[in-house]
Amino acid sequence: MSLEQLKELATEIRELILTTVANNGGHLAPSLGTVELTLALYSVFDFSKDRIVWDVGHQAYTHKILTGRRDTFHTLRTKGGITGFPKRAESPFDSFGVGHASTSISAALGLLIAAEIENVDRKVIAVIGDGALTGGEAFEGLNHAGQLKKNLIVILNDNEMSIDKNVGALSEYLSDLRLMPQYHRAKKEIEGFIKNMPFPDIGEKILVAANSVRSGLKSAIVSGTLFEALGFTYLGPIDGHDIRNMQTVFSRLGVFDTPVLVHVHTKKGKGYAPAEKSPDKFHGVGKFDKATGRVIKKPAPPSYTEIFSQTILDCAAENEKVVAITAAMPTGTGLKKFSEIFPRRFFDTGISEEHAVTLAAGMAAGGLRPMVAIYSTFFQRAYDQILHDVCLQNLPVTFCLDRAGLVGEDGATHHGVFDMAYLRTIPNMNILVPKDENELRQMMFAILEQDKPAAIRYPRGSGLGVKVVSTPQKIPWGKAEILRGNETANVAIFAVGTMVKNSLDAAIILNGLKISVNVINARFVKPLDTETIKKFAQTVKLIVTCEEGTLTGGFGSAVAEFLADAEISTPLLRLGVPDKFIEQGTRAELLDICGLTAEKISQSITERLYELKFGFLTVEK
């Protein structure tokens with residue numbers, strides 16, 4: 001295509017992305033910012049043989065549109081539609097599945113090594129944002145690539161933001177680089193002048209002397225030579241919306257015998273004024289009015305995140321040792337207000353969950369009460385630090401896991417369904433799961449009364465609309481709450497978190513079928529209230545566990561282990577997320593798939609009772 005045709009195509013792609021995300025929700029601002037960058041890459045490289053890895057992947061909508069998915073793009077993030085992130089099973093052009101930050105350089109280097117071993121001639125490109133570059137794995141990849149001296153191409157897509165504004169020394173370093181492109185022009189001009197001097201020997205000596213002080217000179221101008229110190233040839237910064245200039249630079253990358261980092265400066269939300277003005281608001285957005293940019297929201301109770309946000313403020317006001325930590329998401333986790341009211345007690349570590357957890361461990365060892373707010377899906381990245389740095393030392397760190405359970409349209413990479421299972425295996429860890437937004441608040445106060453590690457998990461979205469009591473209420477540590485029970489009931493459902501409400505609704509359905517049901521809010525996955533489980537196991541025909549988490553190793557597994565160890569033979573039915581990755585869809589659709597709606601819960605219980613052939617059933621299957 002000609003330059004004018006590419007510019008016209010960029011406009012068409014932006015319109016398609018804008019229309020689709022307005023209807024479906026999605027990652028708007030990141031993908032609007034990479035339209036020209038993607039077109040420039042595709043006009044220079046041949047990705048039928050070359051490979052591209054998009055870090056995180058929320059900026060890859062143009063890539064999807066260009067690789068055979070234009071006509072299905074309207075199904076983005078819907079059940080059975082195309083995913084919001086690159087996925088190997090979806091397209092051969094999705095060379096590596098992504099969804100979490102800072103993985104692209106390592107994966108791309110692996111693809112390049114594989115190509116060399118297989119004697120395949122191909123270029124491999126990693127596209128990583130400045131936010132993802134704050135993650136430790138990105139630097140591990142850079143370090144190894146520099147050591148191997150492979151011709152890896154890294155495109156640094158620098159839009160000055162991840163979800164919230166970037167923090168830390170690296171952000172300041174990139175800012176300096178953006179402001180000082182004249183250094184690179186001057187360097188080339190000076191080298192050219194010296195090489196063309198009439199006395200070659202003298203010129204060469206001058207050049208050697210100049211190179212010996214180059215590092216110091218460059219440090220004075222642009223705050224250091226970070227990428228070159230890691231073994232990369234650094235090019236840039238260049239305008240990420242100037243297609244012709246990017247084509248020129250990209251077409252010349254094959255001449256280097258070292259890994260190359262091309263610093264591309266883009267504007268997040270480019271081409272859509274509301275997203276340009278508020279890129280954080282439109283990073284990941286729900287359905288919105290394209291004409292006005294207003295997000296379409298139905299009236300709803302406060303979200304769990306909002307309740308957490310207010311509660312941690314109240315905890316900090318009451319206890320001066322309380323500090324808050326997040327990994328690049330003060331807005332998403334509800335800590336923005338905390339950062340404004342208690343700036344000295346707030347810490348944003350950037351995209352570095354491992355560091356955030358060990359930082360909290362150090363603070364706790366120093367006498368503070370850190371509360372670490374991280375999305376459940378991202379918390380997985382810090383498993384070793386949780387185990388080794390916090391729990392092994394039995395330090396009082398509180399992990400506040402937002403977006404626990406099925407998160408909906410973001411799909412398999414973002415569901416927070418594994419936390420109960422992997423945390424339950426760690427000694428000294430305590431796991432609390434509130435049934436509603438008021439219990440979330442009360443549990444946060446209860447945790448601060450303890451001197452031990454604890455995780456509290458809560459879902460995305462609105463609460464149930466219950467009254468939230470401002471004054472702390474006593475929650476007996478490790479004790480379940482009986483919500484519905486009588487001594488003649490046939491079934492006892494032990495539920496945690498969001499499944500408490502669904503279990504209560506299922507009990508009403510079952511009552512209409514003349515099946516009497518007890519419902520217990522377990523509250524604690526660890527320590528497990530074995531006394532209450534044993535009590536009901538002695539009176540009912542069937543025990544049921546219900547959780548919005550993986551069945552493998554989760555809450556139901558904990559109950560099964562106790563029953564087996566205690567030699568209690570009461571039949572057990574475990575309901576939860578099956579042992580497979582759940583794709584995208586609305587949360588209601590995904591709960592139905594997993595059998596976790598009230599209707600499906602009651603159906604599963606009825607079917608199990610028929611299988612057990614209990615005589616008290618009076619209705620036909």
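The values are calculated or read from the model by the stated rules, or taken from the named source; none is laboratory data. All values reported here derive from a predicted model rather than from experimental measurement. No Cβ is skipped: glycine too gets one built from the backbone with ideal geometry, and neighbour counts run over all protein chains shown.
Things worth noting here:
- Of all the criteria given as (1) over 11 Å from the mean Cα position of the chain (by Cα); (2) crowded, with 24+ Cβ neighbours inside 10 Å, the one not satisfied by Asp402 is (1).
- Ile128 closer than 20 Å to Leu226 by Cβ and in contact (Cβ under 8 Å) with a residue 12 or more places away in the chain: yes
- Condition met for Ser462 (among the polar types (S, T, N, Q), buried (at least 21 other Cβ atoms within 10 Å of the Cβ) and not assigned by TED's automatic domain parsing to the domain that holds Cys594): no
- Any chance Asn490 is surrounded by 16 or more Cβ atoms within 10 Å (Cβ to Cβ), touching a strand residue (DSSP E or B) at 6+ places or on another chain (Cβ under 8 Å) and either farther than 25 Å from Ala317 by Cα or not assigned by TED's automatic domain parsing to the domain that holds Gln393 (or both): yes
- For the range 562-606, the set of residues classified as under 13 Å from Glu547 (Cα atoms) and either aliphatic (A, V, I, L, M) or at pLDDT below 95 (or both) consists of Leu573, Leu575, Val577, Leu591, Leu596, Ala598, Ile601, listed by residue number.
- Taking the criterion of being over 36 Å from the mean Cα position of the chain (by Cα) and not in a loop (DSSP other than H, G, I, E, B), the residues of the range 486-516 that qualify are Val491, Ile508, Ile509, Leu510, Asn511, Gly512.
- Filter result for Ile296 (surrounded by 22 or more Cβ atoms within 10 Å (Cβ to Cβ) and under 24 Å from the mean Cα position of the chain (by Cα)): no
- Subset tally (residues that are crowded, with 23+ Cβ neighbours inside 10 Å, of a type outside the set (Lys, Arg) and farther than 16 Å from Thr11 by Cβ) for the range 30-76: 13
- Some residue of the range 50-60 being in contact with a Leu (Cβ under 8 Å, 6 or more places away or on another chain) and either of a type in the set (Ser, Thr, Tyr) or modelled with pLDDT under 95 (or both): no
- All positions within the range 516-530 that are surrounded by fewer than 20 Cβ atoms within 10 Å (Cβ to Cβ) and either within 18 Å of Ala489 (Cα to Cα) or in contact with a His (Cβ under 6 Å, 6 or more places away or on another chain) (or both): Ser516
- Boolean, Glu12 is without any contact (Cβ under 8 Å) to a residue 40 or more places away in the chain, under 14 Å from Leu66 (Cα atoms), more than 27 Å from the chain's Cα centre (by Cα) and loosely packed, with under 14 Cβ neighbours inside 10 Å: yes
- Scanning the range 592-613 for residues that are in contact with a Lys or Arg (Cβ under 8 Å, 6 or more places away or on another chain) and among the aliphatic types (A, V, I, L, M) yields a count of 2.
- Residues that are part of a strand (DSSP E or B) and under 28 Å from the mean Cα position of the chain (by Cα), drawn from the range 518-538: Phe524, Val525, Lys526
- The residues of the range 314-348 that are closer than 20 Å to Tyr458 by Cα and of a type in the set (S, T, N, Q), listed by number, are Thr326, Thr331, Thr333.
- The conditions of being more than 17 Å from Pro396 (Cα to Cα) and not basic (Lys, Arg) are not met by Gly367.
Table: residues versus (1) touching a Pro at 6+ places or on another chain (Cβ under 9 Å); (2) not hydrophobic (A, V, I, L, M, F, W, C).
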residue	(1), (2)
Glu340	no, yes
Asp348	yes, yes
His355	no, yes
Leu359	yes, no
Pro370	yes, yes
Tyr375	no, yes
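- Within the range 1-43, tally of residues that are farther than 17 Å from Val264 by Cα and either among the hydroxyl-bearing types (Ser, Thr, Tyr) or in a loop (DSSP other than H, G, I, E, B) (or both): 7
- Any hit, the range 358-372, residues being at positive phi, crowded, with 24+ Cβ neighbours inside 10 Å and touching a residue at least 12 places away in the same chain (Cβ under 8 Å): no
- Checked against (1) more than 13 Å from Ala60 (Cβ to Cβ); (2) surrounded by 22 or more Cβ atoms within 10 Å (Cβ to Cβ); (3) under 23 Å from the mean Cα position of the chain (by Cα), Lys79 meets all criteria but (2).
- A count restricted to the range 543-569 and to residues that are touching a strand residue (DSSP E or B) at 6+ places or on another chain (Cβ under 7 Å) and without any contact (Cβ under 8 Å) to a residue 24 or more places away in the chain stands at 2.
- Within the range 542-582, considering residues that are out of contact with any Leu (no Cβ under 8 Å at 6 or more places or on another chain) and of a type in the set (D, E, K, R), the one surrounded by the fewest Cβ atoms within 10 Å (Cβ to Cβ): Glu567
- Here Thr258 fulfils each of the conditions (1) within 30 Å of the chain's Cα centre (by Cα); (2) at pLDDT below 95 apart from (1).
- In the range 82-106, the residues that are in a helix (DSSP H, G or I) and surrounded by 21 or more Cβ atoms within 10 Å (Cβ to Cβ): Ser104, Ile105
- Considering the range 448-459, and only residues there that are touching a helix residue (DSSP H, G or I) at 6+ places or on another chain (Cβ under 9 Å) and not charged (D, E, K, R), the residue that is surrounded by the most Cβ atoms within 10 Å (Cβ to Cβ) turns out to be Tyr458.
- Matching entry among Lys501, Lys467, Lys514, Lys452 (being closer than 26 Å to Glu318 by Cβ, charged (D, E, K, R) and in contact (Cβ under 8 Å) with a residue 40 or more places away in the chain): Lys452
- Residue match in the range 328-339 (condition: within 14 Å of the chain's Cα centre (by Cα), free of Cβ contacts under 8 Å to residues at least 40 places away in the same chain and not assigned by TED's automatic domain parsing to the domain that holds Asp55): no
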